[in-house]
Amino acid sequence: MNIVLFNNDLRISDHQPLTEAARAGEVLPVYVVEPSQWKGTPLSARHFQFVVESLEELSKGIEEKGGELFLAIGKIETVLDKLLDTYDSINLFAHNDSRLMEKIKEWAQQNQQLLFSFGPDLENISVKLLNNRLNSYLKEPIAEVPNRIDVPSKTPDFLFADFKKLNNFRVKGSKIRFGQQGGEMKAIETLDSFLEGRFANYIENQQKPLPSSLSSSRLSAYITWGNISVRYIYQKADEKLQACELEEDKIQLAEFLSKLTARVKICCMKMQHQQMAGVRGIKTDWNEDWFQRWLQGRTGIPIIDAAMRSLEKTGWMNFSLRAMVTSFIANTLLLDEKKPSAALAELYLDYEPAVHDFYIQQQAGMIGRMKIIDPVKVGRQLDPDGTFIRRYIPELSKLPDEYIHEPWLYPAFYQLGYEAPMVDVNKAYKNARLQYQAIRNEGKPGRKKEEGETEQLSFDI
Ligand SMILES: Cc1cc2nc3c(=O)[nH]c(=O)nc-3n(C[C@H](O)[C@H](O)[C@H](O)COP(=O)(O)OP(=O)(O)OC[C@H]3O[C@@H](n4cnc5c(N)ncnc54)[C@H](O)[C@@H]3O)c2cc1C
């Protein structure tokens, strides 16, 4: 029996395992809700909601081809054992970046069943080879959607197709109302609207909190859960780039493509996390009250609070805000970054462990330089008139522009009903810089910042 194991590839377009399995004969498409993926990890109810929405659409797509998507809840090894009991011999088809791949591979070896895995082999190779293999993979033809998916006449009783049964599976956290909705159609619509025109101000708006939510692609959650393949996005964007008449448009799309490929590289390169000596030594004792206020968007520092409240509501933030909230808790407040990192991962709908961990480490100074971002000064650069702050902090909606980043200076501050800042942000920022300079220079006095030198705002690898 040919069994397609779906995981973080919830689509039928450009799905090579499904295409090849359908060519081989009858197919049993299966999605296993594996508890180890959902319990004791940062995945939360909002991720589960996205996955269920994606599965519902996937199920319809498979039905249209004559097949049926089956669900199971349990350990992947147990599910495979039961499938083997039913069919005597099974051929497994999956993408090699499936989050369950290691377990599937081990099971297939132990039980001497065939495993066909698809996707570029990019791990543990040199950067040059990785670039070559990735480039050829991205240009390969898209896998065809099967014309027909033939279901086997016999299916084991433990598999089910009724999505209501997934309600019994409890995942921590709560669902969101204003986040992106999962599913292949939504992913394709998002890509189409980006390429039809949203991309025009991609670079200019990429750091601005509200404009970036419209002019960046917003494909990250769809890529994380595999509602769309990177190869499909790459080819469509490249096609558009070739057809663009304006040089300006080509530049925007080239930048987008470089981000897209950076993601693939981060996911497969085992980053050497070189912890800078001493960074751990300057951390302060854990302060649960600071952590909770940061998480709930109640620090009293408007740009941080607006960012955290927007994340809670929508599941998304742009790169600069992600960097800023991480820098604030880990570098300005000097708290250990592990708990904040897990809390953020629970909220980002596009949470991809390799990418998230890489940037948290980078922002917290474990890779390269520690970036201490001044939330007032950089806040002013990102959201000069406070439109984003006013959107997410109604208490500040009527505050004059001049006070929007430092409401505590407003004469009638206590009538606003907004939190007083939990720390003196200037002092905390300066203290963190001094501490960091000291360990960087191993006791030598730090270089004085030159007039007009701004905070680092270029975060790309
Ligand atoms: C602390 C921190 C944590 C992050 N965690 C994640 C995460 O878990 N998942 C995730 O997809 N991105 C993560 N990012 C990178 C980036 O912020 C998001 O990819 C981006 O904001 C997604 O929005 P978009 O789809 O509109 O991106 P676009 O700008 O439209 O980019 C297109 C695609 O390229 C990829 N991409 C974009 N920027 C980057 C980048 N700088 N590095 C690597 N890939 C990129 C994403 O897949 C994105 O969907 C993180 C950044 C930081 C600073």
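Structure above, values below:
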quantity: Members of region 341-365 found to be assigned to a helix (DSSP H, G or I) and either more than 10 Å from the ligand (Cβ to nearest atom) or not assigned by TED's automatic domain parsing to the domain that holds GLN435 (or both), listed by number; calculated: ALA342, ALA343, GLU346, LEU347
quantity: Segments classed as helices (runs of 4 or more DSSP H), wholly inside region 12-120, with at least 3 members that are in contact with a Lys or Arg (Cβ under 8 Å, 6 or more places away or on another chain); calculated: 35-38, 45-64, 76-87
quantity: Options ASP401, ASP383: the member that is surrounded by 14 or more Cβ atoms within 10 Å (Cβ to Cβ) and modelled with pLDDT of 95 or more; calculated: ASP383
quantity: Enumeration of residues in region 321-340 that are among the polar types (S, T, N, Q) and within 8 Å of the ligand (Cβ to nearest atom); calculated: THR326
quantity: Scan of region 16-45 for residues that are farther than 17 Å from ASN91 by Cβ and open to solvent by less than 10 Å² (accessible area, probe 1.4 Å), ordered by number; calculated: TYR31, VAL33, GLU34, TRP38, LEU43, SER44
quantity: Residues located in region 292-316, provided they are touching a residue at least 60 places away in the same chain (Cβ under 8 Å) and in a loop (DSSP other than H, G, I, E, B); calculated: GLY297, ARG298, THR299, GLY300, ILE301, GLY315, TRP316
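Residue by residue, here is whether (1) at pLDDT below 95; (2) of a type in the set (Lys, Arg); (3) in contact with a helix residue (DSSP H, G or I) (Cβ under 8 Å, 6 or more places away or on another chain) holds:
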{"site": "GLU140", "(1), (2), (3)": "no, no, yes"}
{"site": "VAL145", "(1), (2), (3)": "no, no, yes"}
{"site": "LYS154", "(1), (2), (3)": "yes, yes, yes"}
{"site": "PHE160", "(1), (2), (3)": "no, no, no"}
{"site": "PHE178", "(1), (2), (3)": "yes, no, yes"}
{"site": "GLY183", "(1), (2), (3)": "no, no, yes"}
{"site": "LEU191", "(1), (2), (3)": "no, no, yes"}
{"site": "GLY197", "(1), (2), (3)": "no, no, no"}
{"site": "ASN205", "(1), (2), (3)": "no, no, yes"}
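Here's the yes/no breakdown for (1) more than 23 Å from ILE62 (Cβ to Cβ); (2) within 11 Å of the ligand (Cβ to nearest atom); (3) free of Cβ contacts under 8 Å to residues at least 24 places away in the same chain:
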position: PRO211; (1), (2), (3): yes, no, yes
position: ALA221; (1), (2), (3): no, yes, no
position: TYR232; (1), (2), (3): no, no, no
position: GLU239; (1), (2), (3): yes, no, yes
position: LEU253; (1), (2), (3): yes, yes, no
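The values are calculated or read from the model by the stated rules, or taken from the named source; none is laboratory data. These numbers were taken from a predicted model, which means no experiment stands behind them. Quick reminder, even Gly has a Cβ in these numbers, built from the backbone with ideal geometry, and neighbours come from all protein chains shown. We work out accessible area using only protein heavy atoms, side chains counted, and drop any ligands, DNA or RNA first. Shrake-Rupley method; radii C 1.70, N 1.55, O 1.52, S 1.80 Å.
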